[in-house]
Structures are given as C-alpha cells and as structure tokens.
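Quick note: the coordinates plus some simple rules give every number you see, no bench work behind them. Because the structure is a prediction, the values reported are computed rather than measured. Cβ: placed from backbone, ideal geometry, glycine included. Neighbour counts: every protein chain shown.
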Amino acid sequence: MDGELQILDTRNGKAAPISITVPDDGLARRPSRISAANNIESYELSPKGERALFSARGDIFTAPIEKGPTRNLTHSSGAHDKWPSWSPDGSQIAFISDMSGEEELYVVPQDGSKPPTQITTGGSAMRYQPDWSADGKYIAFSDKDGKVFVVTLADKKMTEIVDAPRNQIRDYVWSPSGSYLAFSCRVRTETASAQIHIWSAADGKVHRVTDQMFNAQNPAWDPTGSYLYFISTREFAPQISTVEFNYATNRDSYIYAMALRKDVKHPFPPESDEVAMTRPKDESGAGRTKEGRRGRKTATATAKAYGD
C-alpha cells in the first residue's frame with residue numbers, strides 16, 4: 001500500500017508498515033556527470049551571437065560558438081531552471097526556477113560571476129517565458145492561470161497587467177522602444193475569438209486594437225515601430241467537397257498589418273496596370289518625299305477626270 005508492505009492486525013483492524021532496510025552501495029545516488037545534449041528544452045543566441053543559451057536537464061548553460069568552455073550558470077540539481085532569456089545588453093540572463101519551492105523569476109550574470117538573484121516572490125502557479133523590454137528596464141512573463149505580469153528590474157515591483165477569463169497568454173512581445181507590450185487575449189468567456197491588446201508602460205492601461213468579431217493572435221512589431229503585424233482569421237472561402245455534402249474553411253488565416261500612426265503609409269498601396277497611349281504618326285505635308293507629293297497630284301488629277 002502506497003509503495004510499502006504493511007501488516008494488518010486482524011484483532012483490532014489496524015495496519016502498520018514494515019520497516020525494510022536493504023543495504024547497497026548507492027551507485028545511483030552518487031554524484032556523476034550526465035550529458036545534457038539529449039535533454040535540451042529551449043535555446044537562443046546572445047544579442048551579438050557570440051554564445052548560445054540553453055536550458056537542459058534543469059540547469060541553465062551557455063556555450064561558445066567557436067572557442068571557450070561551456071558554463072553552467074545555476075548548478076541547481078534539486079530545481080527545475082527553465083525559459084532562459086538573454087538581456088538586450090548581453091549582461092544578464094533571466095529564467096524561471098522552482099528552487100524556492102514555487103516558480104519565481106531569477107536573474108543571473110551571463111558569465112556566472114555571481115549566483116542567481118530572485119526577483120519575484122509569492123508564486124502560486126506554473127510560469128512561462130520571461131521577455132525583456134528593449135531598454136532592459138522590464139521583464140514580462142505569464143502563468144498557467146492566464147495572467148501576464150510585468151516586473152520593473154530597478155525596484156523588483158511586479159504588476160499584473162491582465163487576467164484572461166479563459167485560456168493562457170503565451171504570445172506577449174515588447175515594442176522596439178520597450179514602452180508597449182502586445183498580446184492576444186479572449187476578453188469574453190462566451191467567445192472563442194481572441195483580440196490583440198496593447199499595454200502601455202506610461203499609464204499602465206490595456207487597449208484593445210482589433211475587432212471583436214474576428215480571431216487575432218501572434219502579434220509582431222515592425223522594427224521601426226510603424227506597423228503591428230498579426231495573424232487573423234477573417235477570410236472565409238469555403239472549399240466544397242466533391243465526395244461528401246460538406247465543406248471546409250481551411251484558408252481563413254492570413255498575416256495582417258496595422259498602422260500605428262496616422263502618418264504611416266500603406267505598406268501595399270493599390271496598383272493598376274494601365275494602357276500606354278501612343279500618338280498617331282504625323283500626316284501633315286511636312287517632311288514628305290517628292291514621290292509622295294507626286295503621288296498625291298496624280299490621285300487628284302484622276303479624281304477630276306471622274307468629275308469629282
């Protein structure tokens with residue numbers, strides 16, 4: 001029972017576990033080196049591509065592209081370190097870990113010169129992918145309960161910016177300036193459609209920017225800050241079956257672009273192929289040859305002979 005052998009006393013109906021001791025050499029519990037190559041969970045490159053970042057077998061590693069040693073930045077065999085993310089300036093790495101007993105946000109120097117620093121507290125749910133703002137001031141992450149948080153690195157203040165009524169939010173992304181965070185969210189429980197929302201760091205408000213009638217997700221900022229791209233389901237072209245009395249709308253999702261300022265030009269302005277007009281040749285007498293003038297006189301004389 002529960003992985004134990006127990007003895008039931010039939011006189012009083014009570015059961016007690018049997019204490020069993022099996023002496024062994026403890027080979028499986030001895031410290032050993034284990035390759036993490038086949039246990040990689042995530043990866044990315046440093047901002048300038050000098051080193052690669054991995055989470056594997058519960059630890060955070062960086063490896064050189066060409067020369068140098070691999071660094072284990074966490075050395076936490078009793079914890080699950082995951083979702084590493086390099087800071088924009090390349091100096092720090094943020095990750096999620098349960099080394100405190102609950103999943104929290106940590107930051108560690110990229111060279112491993114100092115142990116990780118715990119940034120958040122009070123975690124109560126599984127947390128996902130930290131994402132740095134472009135200026136390195138904020139880190140955004142989400143959890144399994146559909147919440148998205150933004151942490152200010154200067155004072156470790158954590159702000160909950162949205163709590164989705166249904167499903168999780170995993171497609172949050174910072175603007176090039178680091179002042180806005182875009183994500184998709186279902187604002188109503190009775191609909192399956194998600195809309196694109198933008199959170200502003202200036203006023204802390206969330207604004208819905210796409211129509212509630214159509215599903216929209218996976219926002220991506222234009223590097224210049226002029227457009228917000230996203231995938232939306234709004235083109236319904238049913239494909240009729242030739243075998244069954246049925247149809248499928250399998251071509252309904254496309255990439256769309258939204259202008260973020262009034263002065264932004266249309267990325268694909270309307271075009272139309274028009275006919276190029278050519279002028280007729282000059283029919284005046286100028287430039288005609290003597291043969292041409294002689295032919296005209298002959299034609300005139302013939303016309304007079306017939307009474308014209």
**Study point:** Only Lys, Arg (+1) and Asp, Glu (-1) charged, at Cβ; the range 153-266 dipole about Cα centre in debye
**Key:** 220
Point to revise | Nitroxide proxy distance, nm - points 7 Å out along Cα→Cβ at Thr224 and Arg33 | key: 5.2
**Study point:** In the range 92-145, the GluC sites (Glu not before Pro) that fall in loop regions by DSSP, at most 16 other Cβ within 10 Å
**Key:** Glu102
Study note, to complete from the structure: Length gained if Asp263 through Asn246 is fully extended, taking 0.36 nm per residue and subtracting the Cα-Cα distance, is 1.5 nm
Point to revise | Alpha-carbon centroids, the range 67-96 and the range 179-215: separation in whole Å | key: 31
Exercise for review: Just name one of Val108, Ala94, Asn250: the one whose Cα is farthest towards the positive end of the charge dipole of the chain (beta-carbon charges, Lys/Arg +1, Asp/Glu -1).
Suggested key: Asn250
Practice item. Pop the C-beta distance of Ala52 and Gln6 into the FRET formula with R0 = 51 Å and round what comes out to the nearest 0.05. Key: 0.50
Review point. For the pair Lys157 and Ser77, what calculated FRET efficiency results from E = 1/(1 + (r/R0)^6), where r is the Cβ-Cβ distance and R0 = 30 Å, to the nearest 0.05?
Key: 0.40
Review point. For the range 153-266, what ratio Rg/Rh do Cα atoms give with a Kirkwood hydrodynamic radius?
Key: 1.07
Study note, to complete from the structure: So for R0 = 45 Å, FRET eff. of Ala125-Ser272 from the Cβ-Cβ r, to 0.05, ends up at 0.25
Exercise for review: Tabulate in residue order the Karplus-calculated ³J(HN,Hα) for the range 252-269, using 6.51 cos²θ - 1.76 cosθ + 1.60 with θ = phi - 60°, rounded to whole Hz; enter x for Gly and Pro.
Suggested key: 9, 10, 9, 8, 10, 10, 10, 6, 9, 9, 6, 8, 6, 7, 5, x, 9, x
Point to revise | Magnitude of the charge dipole, the chain, Cβ model with Lys/Arg +1 and Asp/Glu -1, debye to 20 | key: 1800
**Study point:** Ordering of 25-33, 56-64 by burial proxy (mean other Cβ atoms within 10 Å per residue, highest first)
**Key:** 56-64, 25-33
Point to revise | With Cα atoms, 0 to 90° folded angle of helix 290-305 axis to the chain main axis | key: 60
